[in-house]
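The values are calculated or read from the model by the stated rules, or taken from the named source; none is laboratory data. What you see is a predicted model; the values in this text were computed from it and never measured. Cβ atoms come from the backbone with ideal geometry, glycine included; neighbour counts cover every protein chain shown.
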Amino acid sequence: MPTVIATRAPHASVHTAAPLGDLSLSLVSRAGFHSGSHLWPSPAFGSSTAYITLSPQLACVLVDGQGCPASHQRIGAAGRSVHEAWNTAARTVVAEAVSDGRAEFWVRDARHVLGVDAPRGLQLREDGIAPAAWLSHPQLFSIVHSHFSHVMRPRHELGYVTRDFRELFVFDASARSLARRFPSGCAMRYSVGFPVVESN
């Protein structure tokens, strides 16, 4: 059985606010978008789906406790904007993940999943939210990037891969090289808190 370990690294203190209901964050592909027509790659999403654009290829969708996308109307009825709800959901994740000034992630060697030829890397375990959701807000992605820069001490740069927008792998390799290695996945690099997708 593969070894699963907890990695801990220091994190700055965070001011938290009350959560908006039970909304959480979900990283999704915007591959189906066509000039604002809101054609999502999943039929669960529609024109009223509340989302934040992260890049031309990626968005963050706000979802409820059952995994259903929240609507602009629901968020507006709570007296919040989508942007406020996005920030509140991120602060809630941080409040749950950071204790004693440290962030903790459970991980295992990526080679247990991807084979011995995979580059040096780790797979994050799902704890509370899908691991890929850590890339759906700059505050969260900054925590992840700082954490794994500290833990992995990369010789190259940190690259991130998801194959299903739930799982997340962190590699000591460039996102461009990861895009070539995992052509059916989504390879990303960190840029000022946001995920930048690299193509092969």
Which numbered condition GLY79 misses (of (1) surrounded by 19 or more Cβ atoms within 10 Å (Cβ to Cβ); (2) part of a loop (DSSP other than H, G, I, E, B); (3) at pLDDT 85 or above): (1)
Hey, GLU84 under 20 Å from THR53 (Cα atoms), in contact (Cβ under 8 Å) with a residue 60 or more places away in the chain and either acidic (Asp, Glu) or in a strand (DSSP E or B) (or both) or not: yes
Segment 185-200 residues that are farther than 12 Å from SER174 by Cα and in the same structural domain as ALA173 (by TED's automatic domain parsing), paired with ones that are assigned to a strand (DSSP E or B) and among the β-branched types (Val, Ile, Thr) (beta carbon under 8 Å, 6 or more apart): GLY185/VAL161; GLY185/THR162; CYS186/VAL161; CYS186/THR162; CYS186/VAL197
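Please count how many residues of segment 146-163 are part of a helix (DSSP H, G or I) and either among the basic types (Lys, Arg) or surrounded by fewer than 21 Cβ atoms within 10 Å (Cβ to Cβ) (or both).
The first filter runs over segment 146-163 and keeps only residues part of a helix (DSSP H, G or I), leaving 146-152.
Those still in the list that are either among the basic types (Lys, Arg) or surrounded by fewer than 21 Cβ atoms within 10 Å (Cβ to Cβ) (or both) too: 146, 149-152.
The qualifying residues number 5.
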Filter pass, HIS38 being at pLDDT below 50, within 30 Å of SER99 (Cα to Cα) and surrounded by fewer than 16 Cβ atoms within 10 Å (Cβ to Cβ): no
Total residues in segment 172-198, condition more than 17 Å from LEU58 (Cβ to Cβ) and either touching a Lys or Arg at 6+ places or on another chain (Cβ under 7 Å) or in a loop (DSSP other than H, G, I, E, B) (or both): 4
Some residue of segment 60-75 being assigned to a helix (DSSP H, G or I) and within 26 Å of GLU198 (Cβ to Cβ): no
Within segment 47-68, tally of residues that are closer than 16 Å to ILE129 by Cβ and modelled with pLDDT under 90: 5
